[in-house]
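> Right, I'll just put the structure down here and ask away after.
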Amino acid sequence: RQPIIAIDGPAGAGKSTVARQVAANLNLVYLDTGAMYRAVTWLVLQKGIAIDDECAIAELTNQCKIELTPNQDLQSSVRVWIDGTDVTQAIRTVQVTSIVSAIAAQSAVRQALVKQQQNWGKKGGLVAEGRDIGTHVFPDAEVKIFLTASVGERARRRQEDFNKQGQPEVSLKQLERDIAERDWKDSTRKVSPLQKAADAIEVQTDGLNISEVTAQIVNYYQQ
Ligand code: C5P
């Protein structure tokens, strides 16, 4: 099996960008597991299923087909398809973002998606990024990173992203509140709460740029 690098951490710590760069650097495949939870959330909304209808959501998750294809452009995320619809943009809306934690807290949803992630990872050769990669999805990963940054720093980065994407201005205070709320939801839920694996290396990224963080991780991998 080829190596697996697991990158976990809270929302907005820079996991996607860093994971993508590390994958490109080491010629490994990048797996964005958050995109899968977002895609299911999008489908739930699209079908008008109630967010607490766990049975219907379980069935939907077991039947849907999620495809992730790498984007040529390193700056943008992966392309995401669910049941043949390209939802790359649609899964990043405020609406999906505000509901995804509730969907990801349902154990049937996690079971189905984790199984698919593990199937994709059978041969290794992945940089997988999420909340439970080092603890549940790939507990045997060769390198486990727990990426963090202060709430203030993460809000500032998110604001920068919004500006770059030409999205309407959101205040730092509001972004800090949103991030703190998602941290709370992701780390207090009953199933697979966000946790640092015992054998993960914590990388605190305040004041570091993407290439510095990428270099640190590549360095851990090569040691
Ligand atoms: O990483 P991203 O912000 O796209 O993830 C969206 C949401 O999906 C997270 O807030 C979390 O609730 C959920 N998630 C998860 N387990 C993962 C990846 C994401 O529960 N491995």
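The values are calculated or read from the model by the stated rules, or taken from the named source; none is laboratory data. Because the structure is a prediction, the values reported are computed rather than measured. Here the Cβ positions follow ideal geometry from the backbone for every residue, glycine too, while neighbour counts run over all protein chains shown. What goes into the accessible areas is simple: the full protein's heavy atoms, side chains included, and nothing from ligands, DNA or RNA. Shrake-Rupley method; radii C 1.70, N 1.55, O 1.52, S 1.80 Å.
> Looking at 10, 70, 3 in this structure, which one is more than 15 Å from the chain's Cα centre (by Cα) and either aromatic (Phe, Trp, Tyr) or surrounded by fewer than 23 Cβ atoms within 10 Å (Cβ to Cβ) (or both)?
Details: 10 fails: more than 15 Å from the chain's Cα centre (by Cα); 70 fails: more than 15 Å from the chain's Cα centre (by Cα).
Going through 10, 70, 3 in turn, the sole match is 3.
> Would you kindly identify the strands (runs of 3 or more DSSP E) lying entirely within the range 78-187 that contain at least 2 residues that are closer than 30 Å to residue 223 by Cα?
On the way: elements: 79-82, 126-130, 143-148.
Correct list: 126-130, 143-148.
> Condition (residue is free of Cβ contacts under 8 Å to residues at least 40 places away in the same chain and not in a loop (DSSP other than H, G, I, E, B)) applied to the range 201-210: is it met by at least one residue?
Among the residues of the range 201-210, not one is free of Cβ contacts under 8 Å to residues at least 40 places away in the same chain and not in a loop (DSSP other than H, G, I, E, B), which makes the answer no.
> Taking the residues in the range 20-67 that are open to solvent by 70 Å² or more (accessible area, probe 1.4 Å) and under 24 Å from residue 221 (Cβ atoms) as candidates, determine which candidate is nearest to the chain's Cα centre (by Cα).
29
> Is there any pair linking a residue in the range 145-165 that is free of Cβ contacts under 8 Å to residues at least 12 places away in the same chain to one that is of a type in the set (A, V, I, L, M), with Cβ under 8 Å and at least six apart or on different chains, and which?
These pairs meet every condition: 162/170.
> Here's another thing I want to ask about it. Going by the conditions given, is residue 152 at pLDDT below 95, small (Gly, Ala, Ser) and more than 13 Å from the ligand (Cβ to nearest atom)?
On the way: at pLDDT below 95: no; small (Gly, Ala, Ser): yes; more than 13 Å from the ligand (Cβ to nearest atom): yes.
So residue 152 fails the test.
> Taking the range 172-205, which residues are basic (Lys, Arg) and farther than 14 Å from residue 135 by Cα? It would help to see each step written out before you state the result.
Taking the range 172-205 and keeping what is basic (Lys, Arg), we get 173, 177, 182, 185, 189-190, 196.
Answer for the range 172-205, where residues must be basic (Lys, Arg) and farther than 14 Å from residue 135 by Cα: 173, 177, 182, 185, 189, 190.
> Would you confirm whether or not the range 73-84 contains a residue that is more than 16 Å from the ligand (Cβ to nearest atom), open to solvent by less than 60 Å² (accessible area, probe 1.4 Å), modelled with pLDDT of 95 or more and not aliphatic (A, V, I, L, M)?
yes
> Could you give every pair whose Cβ atoms fall below 6 Å, whose first residue belongs to the range 21-35 and is within 15 Å of the ligand (Cβ to nearest atom), and whose second residue is among the basic types (Lys, Arg), counting only separations of at least 6 or pairs across chains?
Qualifying pairs under 6 Å: 30/20.
> Would you mind stating whether residue 190 is surrounded by fewer than 12 Cβ atoms within 10 Å (Cβ to Cβ) and touching a residue at least 60 places away in the same chain (Cβ under 8 Å)? Give the derivation first.
Details: surrounded by fewer than 12 Cβ atoms within 10 Å (Cβ to Cβ): yes; touching a residue at least 60 places away in the same chain (Cβ under 8 Å): yes.
Judged against the criteria, residue 190 is a match.
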